[in-house]
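Reviewing the structure listed below.
The values are calculated or read from the model by the stated rules, or taken from the named source; none is laboratory data. Just so you know, these numbers come straight off a predicted model, no measurement behind them. When we count neighbours, we look across all protein chains shown, and the Cβ atoms used for this are built from the backbone with ideal geometry, even at glycine. In case anyone asks, the SASA skips ligands and DNA or RNA and just uses the protein heavy atoms, side chains included. Shrake-Rupley method; radii C 1.70, N 1.55, O 1.52, S 1.80 Å.
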Amino acid sequence: MENRIDKINYYLNIAKAVADRSTCLRKKAGCVIVNHDEIVSTGYSGAPRGRVNCIDLGYCTKKKMFPDVRHGGYDACRSVHAEQNAIISASRKDMIGGTLYLVLYRPETGEYDTGANSCQMCRRLIINAGIETVIVRGKTDDEYIKVDVKDWIENDDLLQGKLTY
């Protein structure tokens, strides 16, 4: 009898396929919002509709302006984040109580970006969208971390004077 993939990895694999559409040169990101075992929306990182993507420019504008900044410098980034694109493509009533599956990987190596998670702006959007859980792909195809969005609300990093990514 053939082994059947579990639902979490099923949705994470779909998020990986969505990430493959990403136009970011630094980090491919894709996500899937699911509620009641149905896909509500997907999103990947890339320039706003109609604007030139970094893959078309041949360089990362953020890296060009801030070569040593890993976290931050978001105003120089051309991309709308995967989570943002998925959220603006869905109705809030369809996201309330849902789960966001997120995959991030480095295009130059294909390795998952371990320890990566939603940025502070995306966290705010996820909270306001009513999403309850975020699941992020870990370092291998069957590892992941599960985040209860209530933790982001109750342990507000910005009020504690620390940032986590």
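Taking all protein chains in place and a 1.4 Å probe, what share, in percent, of the accessible surface of the chain do carbon and sulfur account for? Intermediate results must be reported in sequence, preceding the final value.
Numbers: 4670 of 9620 Å².
About 49 percent, which is the carbon plus sulfur part of the accessible surface.
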In the Gaussian network model of the chain, springs joining C-alpha atoms below 10 Å, which of K64, K27, K139 carries the largest mean-square fluctuation?
K64
Note on segment 1-42: alpha-carbon gyration tensor, axes a ≥ b ≥ c; rule is a/c under 1.5 for rounded, else prolate if a/b larger than b/c, else oblate; result oblate
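List the relative contact order of segment 1-146 as a percent without decimals, with contacts defined as Cα pairs under 8 Å and 6+ residues apart.
Details: 285 pairs, mean separation 36.3, N = 146.
Relative contact order for segment 1-146 comes out at 25 percent.
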Over the chain: helical MRE at 222 nm, DSSP H runs n ≥ 4 each giving -39500 (n - 2.57), nearest 500
-7500 deg cm²/dmol
Considering the dipole of the chain built from charges on the beta carbon (Lys and Arg +1, Asp and Glu -1) around the Cα centre, which of S118, V80, V32 is farthest to its positive end?
V80
Residue farthest toward the positive end of the dipole of the chain, with Cβ of Lys/Arg at +1 and Asp/Glu at -1: which of S91, W152, A47?
A47
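What size of dipole, in debye to the nearest 20, comes out for segment 18-165 about its Cα centre when the only charges are +1 on Lys and Arg C-beta atoms and -1 on Asp and Glu C-beta atoms? Let's see the in-between values first.
Values: 21 positive and 20 negative charges, 147 e Å.
I would put it at about 700 debye.
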How many Å² of accessible area per residue for segment 1-123, probe 1.4 Å?
56 Å²
